[in-house]
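Just below is one structure, and these are the notes that go with it.
Throughout, read-outs are computed from the coordinates displayed, never taken from laboratory work. What you are looking at is a predicted structure, and each value in this text was computed from that prediction instead of being measured. Backbone-built Cβ (ideal geometry, glycine too); neighbour counts: all protein chains shown.
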Number of protein chains: 2
Amino acid sequence: MNQNTPRALRLHIGIFGRRNVGKSSLLNAITRQQVAIVSALAGTTTDPVEKPMELLPVGPVLFIDTAGIDDSGVVGDLRVAKTREVFERTDLGIIVSDGEWGAYEESIAAALAERQTPVIVVLNKSDLGAPPEATLARLAELRLPSVRTAAAKRDDPLGDGILDLRHAIVDHAPEDFISNPDIVADLVGPGQMAVLVVPIDKEAPKGRLILPQVQSIRDLLDNDAWCMVVKERELRTALDQLKRPPKLVVTDSQAFLKVAADTPPEVPLTSFSILFSRFKGDLVSQTLGALAIDTLKAGDRVLIAEACAHHPIAEDIGRVKIPRWLTQYVGGKLEFTIVAGRDYPEDLSPFKLIVHCGGCTFNRKEMLNRILKAKAAGVPITNYGLTIAFSLGIFERALQPFPAALAAYVEARREQGRAGRVVGEATGEAKGKELTGKEMA
Amino acid sequence: MNQNTPRALRLHIGIFGRRNVGKSSLLNAITRQQVAIVSALAGTTTDPVEKPMELLPVGPVLFIDTAGIDDSGVVGDLRVAKTREVFERTDLGIIVSDGEWGAYEESIAAALAERQTPVIVVLNKSDLGAPPEATLARLAELRLPSVRTAAAKRDDPLGDGILDLRHAIVDHAPEDFISNPDIVADLVGPGQMAVLVVPIDKEAPKGRLILPQVQSIRDLLDNDAWCMVVKERELRTALDQLKRPPKLVVTDSQAFLKVAADTPPEVPLTSFSILFSRFKGDLVSQTLGALAIDTLKAGDRVLIAEACAHHPIAEDIGRVKIPRWLTQYVGGKLEFTIVAGRDYPEDLSPFKLIVHCGGCTFNRKEMLNRILKAKAAGVPITNYGLTIAFSLGIFERALQPFPAALAAYVEARREQGRAGRVVGEATGEAKGKELTGKEMA
């Protein structure tokens, strides 16, 4: 999904709270940590303010700031109707409190509970002291999860609790919003065709296709689209037999250059890894993570993480190919740590970059939590296919079908330029630049 | 594979034995139980006689009858060379003995052992008495499997031991020959395209494709071919976008009628079930088995057998759809027994028909042994997709790509005609005819 995501498909997060508990500064704190374009819709005094944004790593959300629905005594008819309307369309409620928990908070919590809407309590202004014991006791009684924030603290983006709030959103949002429903079908409509390029190499399990390929085929069929499945060597011949070009070509990352050469420039091209970054992880975060490849220097530590603990083979992509390509790109020796399955380091701080597999055997929540852990440690995280596309200088073309990720990438490149640093195009020429992981995330 | 199978791909079975042990009558006994077209190549007196045939349920074999290589004293140079040549190209050796086991048999067994060629000993003329204890002891010592036959007994095709020999051939032939290498790639060559029609119904596992679909895609890719994967509803639109018609259309059996209507008559059409009957079972046997559907009468018992013990769903094909279709076709109530997994009846004799699943989770040996057990019990056996194609009156079209199966079907229909019975076309009109299962097998 991108910034054009229909409003209905966005996760609607209602923000409730009395005056002066810091609702606006909370929203501002969240907003200033996002790279995606945010446009606030001005409301009337009684209308809630809506902020659509790409919340990393959750995806497209709509924050509904109920500034007009507060505890200011008498509530007019209009205001009651507005309030009800916000409750009705809230998928996840955030109750902001400065520590106090009274009748107002109880009524909001009850209204949300009645609609079976999940709730997160934000105990803001935590820098001014711990919340009252009575509040904590009541939250425990109500079994409401809570997060402590200090949204007004502008100087410490990792210490203001916003990252914890993002974790909580991932953990408590309805599963439907966390599990991205589309792999590829939103890019290839009913009655349209995609071409899936499936190289058969030593890694391809005998007699099978790998899960992302099967899931992509199924996703297209489920949405009344169809596909051609072809090896990279036969792609050109296969395309020649079509009366109309396909709507999209999806390739295994390892055949990217050959497929790019054989796909007409007007046909959108991407990879299974990029589709799966979006489907199982967060494409915007992992796109920005890939930019850190340009900042790697000889001697840096890189974490390669795989979701499944398969038996490694001779030309294994994670164990052999990616380390080799990164080493060549950086032009110096890197220190690689390779982990698989549940075996993921608690302390990510020694790493300059995390390169994760596509995570096809993970659910999205699991992958988002790994991305958030990386953000908490200030370490950029990307995935195999994005790393390959970046190293091959094919990044921009592969991101074309994803406006939000492309915009974030272009914006990050522009900011690098503004910061006075020499930034190359993603052509494999830009090496050893001084960007920190933090700037990337 | 069909009768045009290249000689090199046939299982070469060398038949060795002294004069008068019954090599020729053994070969005749095997031959007269086969429906496929057999053409003996006449040899010179010193040349071995070769008989290519479709050996049910193994597939294409070439029997090499070494009539010229016997124990007749002095062996000329030419004969020695011929003998060596036969040993060299034998994939499975059969040593025929009338009970005696001496220097001659030892030398043949040693020559085959030296080449690591598997051996079956046929103790023929078993109707004339048990083999000598010394022979049995020596075979046990050499760990050579043996089968007792009475090949000259023409009156009892189930009691002459030939079925045991077929079992032994399935069990001892090199795995390469038993495991059919091709699912579909021999029908769609390099640089050619197949269309795979994959309906998405309640049985389709969420987010996946079923194994035969995935394996067919992979088989095409492995052989430098490619495919279009489409639902039945979009098939016509998809075909319209091709400059040339596909080489083959393969459909899920359940969409057969719709797909047949949308596939131009000149384009070969078959089903995944038929491909898998060939790949995992024996298409000729299972084709003939389907003919027994016409002989079913109200009250008959039918065994439905599934390889995997999946959790049955509402519209399960084996538990609901096939029983419903067969009942409609027969026009009376049938008694169904449904088994799954390893739970396969020892006694098959109560059944008039066995309808097996495609067996995609079995290896071929396992399925062939079930087919042989059915033959031993005189019960026709077919599979889900063949049953559907037969019931829908689409049998001949679906068998077009498989000359051996089609020829066997046409021949069986002709014999039914000669037997003076009224035989309808396989259009769903021919019901309740008096054909016995034995005539089918």
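A few points about this structure:
- When you filter the GluC sites (Glu not before Pro) in the stretch A:220-274 for DSSP loop state and at most 11 other Cβ atoms inside 10 Å of their Cβ, you are left with A:E266.
- Close amide H partners of B:V119, meaning residues 5 or more places away or on another chain with modelled amide H under 5 Å apart, are B:G93.
- Chain A, closest residue to the rotation axis toward B, by beta-carbon, whole angstrom: A:M228, 2
- Burial order of peptide ranges A:398-408, A:220-230 (average beta-carbon count within 10 Å, highest first): A:220-230, A:398-408
- Annotation for A:L257, label-to-label distances across the other copies: 5.4 nm (shortest first, one decimal, point 7 Å from Cα along Cα→Cβ).
- Rounded to the nearest 0.05, the FRET efficiency derived from the C-beta distance between B:S24 and B:K258 at R0 = 60 Å is 0.70.
- Members of A:K297/A:K321; A:K247/A:K321; A:K206/B:K280; A:K258/B:K206 lying beyond 23 Å, as alpha-carbon distances in this model show: A:K247/A:K321; A:K258/B:K206
- For B:A134, the label point sits 7 Å beyond Cα toward Cβ; its separations from the matching points on the remaining copies run 10.8 nm, from shortest to longest.
- The stretch B:193-274 - percent relative contact order, Cα under 8 Å, separation 6 or more: 38 percent
- Loop sites in the stretch B:230-261: trypsin sites (Lys or Arg not before Pro), DSSP, at most 13 other Cβ within 10 Å: B:K243
- Computed log10 I(q)/I(0) for the stretch B:212-340 at 0.09, 0.16 Å⁻¹: -0.34, -1.00, from the Debye equation with unit scatterers placed on every C-alpha and solvent omitted.
- Over the stretch A:193-274, the fraction of Cα-Cα pairs per 5 Å bin, rounded to whole percents and listed from the shortest bin up, is 3, 15, 29, 27, 17, 8, 1.
- Shielding of peptide A:232-240 by partners, expressed as the average count of other chain Cβ atoms within 10 Å per residue Cβ, is 3.
- For B:316-325, mean number of other protein chain Cβ atoms within 10 Å: 0
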